[in-house]
1. What are the pairs with Cβ atoms under 6 angstrom where one residue, in the range 1-30, is outside any loop (DSSP other than H, G, I, E, B) and the other, located anywhere, is at pLDDT below 90 and of a type in the set (A, V, I, L, M)? Sequence gap at least six, or different chains.
2. Among Leu472, Leu457, which is of a type outside the set (Phe, Trp, Tyr), at pLDDT 95 or above and part of a loop (DSSP other than H, G, I, E, B)?
3. For the range 436-459, which positions are within 17 Å of Leu314 (Cα to Cα) and not basic (Lys, Arg)?
4. Those residues that are touching a Phe, Trp or Tyr at 6+ places or on another chain (Cβ under 7 Å) and assigned to a loop (DSSP other than H, G, I, E, B), I need them from the range 31-50; list them, please.
5. Of the residues that make up the range 114-122, is at least one modelled with pLDDT of 90 or more, buried (at least 18 other Cβ atoms within 10 Å of the Cβ), in contact with a His (Cβ under 9 Å, 6 or more places away or on another chain) and in the same structural domain as Ile246 (by TED's automatic domain parsing)?
6. For the range 412-443, what are the residues that are among the aliphatic types (A, V, I, L, M), in contact with a Lys or Arg (Cβ under 9 Å, 6 or more places away or on another chain) and in a loop (DSSP other than H, G, I, E, B)?
7. With respect to Glu82, is the statement that it is surrounded by fewer than 18 Cβ atoms within 10 Å (Cβ to Cβ), modelled with pLDDT of 85 or more and in contact with a helix residue (DSSP H, G or I) (Cβ under 7 Å, 6 or more places away or on another chain) true?
8. When you go through Thr199, Thr128, Thr165 one by one, which is the residue that is among the polar types (S, T, N, Q), surrounded by fewer than 14 Cβ atoms within 10 Å (Cβ to Cβ) and either under 30 Å from Arg93 (Cα atoms) or outside the structural domain of Cys221 (by TED's automatic domain parsing) (or both)?
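The values are calculated or read from the model by the stated rules, or taken from the named source; none is laboratory data. Note that the coordinates shown come from a computational prediction; the quantities given were computed from them, not determined experimentally. Using ideal geometry, Cβ is built from the backbone for each residue, glycine included, and neighbour counts are taken over all protein chains shown.
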Amino acid sequence: MRCKNCDYALWNLKARLCPECGSAFLPSDFEFVANSVRFCCPHCDQVYYGTGKQGHLVPGEFDCVSCRNHIRMDEMVLLPAEGVEEQRTVVDRVAWLEHKRHGWIKAWLLTVKMSLFQPVRLAKSLPTMSRVGQAWRFALLSWAVFFLVGVGAPLFLVGVIMVITADSDSLGLFVASVGVVLGGPLVIAILIGMWGLTTHGVLKLTGGAGSSIARTYEAICYSAGANAAYAFPCLGPYCGSYFVWIWWVVSAVLMVATSQRVHGGRAALAVLTFPVSLVLLVVGGYVVFFVALINIGAMSAGITMPTTDTQIVLDGVLDYSSRHDGQGPGHALQLVTSAGLSETDFVTSGSATGIDDVPAGDADLVAFMLLSPSDQAEVADAAAEALPQGTIAHRLGDFVFTYHGLDLTAADPGLWVVVQSPDPDVNSVQPPWVVLGVGRADGTVITVGLTQMAFSLQQQNAIRTASGLPPLPDLTTVTHDKPSVAALAPAAEESEDSQ
């Protein structure tokens with residue numbers, strides 16, 4: 001029993017004033033371990049032992065069994081029980097709340113130690129009257145120290161080194177170090193606020209709590225000391241960030257169970273609800289983010305690549321036509337032999353089509369690449385002759401060529417010449433965000449979303465009709481084996497039949 005003002009020992013005193021500083025005191029102001037203190041009658045020294053709550057006498061006043069004087073507990077002379085050391089008479093106190101006695105730094109370190117290794121004992125040390133404000137101060141100070149030592153100081157040190165080496169990025173590190181130290185505890189405060197509310201709410205829903213929500217917040221705040229590993233630069237904030245927080249959760253579970261006097265299972269459910277939900281939210285957020293990123297990448301590819309790929313092929317067709325009186329090649333393979341295109345130009349980025357999937361004569365584009373120029377020209381000319389009479393569109397790789405019957409030097413600028421359309425024999429399913437490139441007679445390339453292609457094709461056929469051209473079919477029906485052929489007029493059909 002020591003003076004709360006100056007820490008002077010108050011044993012064996014009849015006076016109720018501290019001999020050192022003069023502060024008044026009463027034995028009832030202190031808590032003791034049951035049966036660890038001798039309460040001596042001030043008249044005859046008859047000894048009594050405290051067996052009640054806080055180690056006090058029960059009842060608090062009575063007639064002495066030896067001298068028959070009426071005495072009260074606060075009048076008695078106190079001594080440690082025989083064979084009991086003074087420090088063992090005192091109920092554990094939260095060192096943080098005894099900072100006047102220990103000093104701020106020692107009080108903080110002692111509390112962090114108990115949070116790490118003795119959370120149950122720490123919970124039992126909480127005073128009867130909650131002092132939740134002090135608990136919050138402990139938690140936020142602890143995290144400020146952890147962020148300062150574990151992250152802020154190393155960043156600041158690296159910034160100093162960068163200043164010495166004249167690195168222009170040093171300012172960013174200084175700002176980051178300050179931001180971590182100031183912003184980190186703010187984020188933690190928000191998380192603790194949500195965590196305590198969730199924990200107490202679950203306790204209430206699953207059978208009630210033994211004390212108020214302030215006690216729940218005390219347990220969570222004081223358990224924050226279990227995060228001390230974050231104060232180790234590099235190890236804690238980086239490598240340890242994946243598992244150190246688990247120690248905090250375990251400490252919080254033990255402290256909530258003890259301070260709220262609930263079963264460990266209920267305490268675990270209540271405490272784990274928020275962090276597990278947070279982890280699931282973060283993981284789910286990452287999944288959504290990466291899926292969105294992939295989709296955006298795919299959409300970006302669909303927007304930019306078809307334009308580039310289609311422009312290359314369109315330029316080849318127009319270059320060929322400029323040297324052949326406005327007529328396009330009989331077959332797109334002739335663009336390789338007469339317009340300088342490469343075999344790979346007919347396979348677009350993002351498509352599943354490979355050049356070995358594209359037929360060329362009796363083989364594929366891989367074999368075509370290995371032929372001599374004269375043999376390539378022979379295969380290309382044969383492919384052109386093999387197209388049926390009245391062809392209005394044919395495919396080569398991922399492109400459908402629709403220039404048949406056009407004089408490209410005088411055609412309507414809006415008429416389609418070539419359309420980027422992934423080979424349906426290889427690309428069976430196309431995601432809805434795919435964007436296709438459409439090369440027009442005026443030399444420009446526009447993009448058309450896959451979902452808008454049907455409407456755009458309807459508009460194109462209106463232009464073709466006005467130009468006296470047969471309509472184009474759904475371009476996915478145009479394959480290497482089945483080019484699109486215009487329907488013959490009845491007279492032409494009879495002529496063919498007669499032949």
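1. Between residues of the range 1-30 that are outside any loop (DSSP other than H, G, I, E, B) and residues that are at pLDDT below 90 and of a type in the set (A, V, I, L, M), the close pairs are Arg2/Ala9.
2. Leu472
3. Leu436, Gly437, Val438, Gly439, Ala441, Asp442, Gly443, Thr444, Val445, Ile446, Thr447, Val448
4. Of everything in the range 31-50, those that are touching a Phe, Trp or Tyr at 6+ places or on another chain (Cβ under 7 Å) and assigned to a loop (DSSP other than H, G, I, E, B) turn out to be Asn35, Gly50.
5. no
6. Within the range 412-443, just Leu415 meets the criteria.
7. No, not satisfied.
8. Thr128
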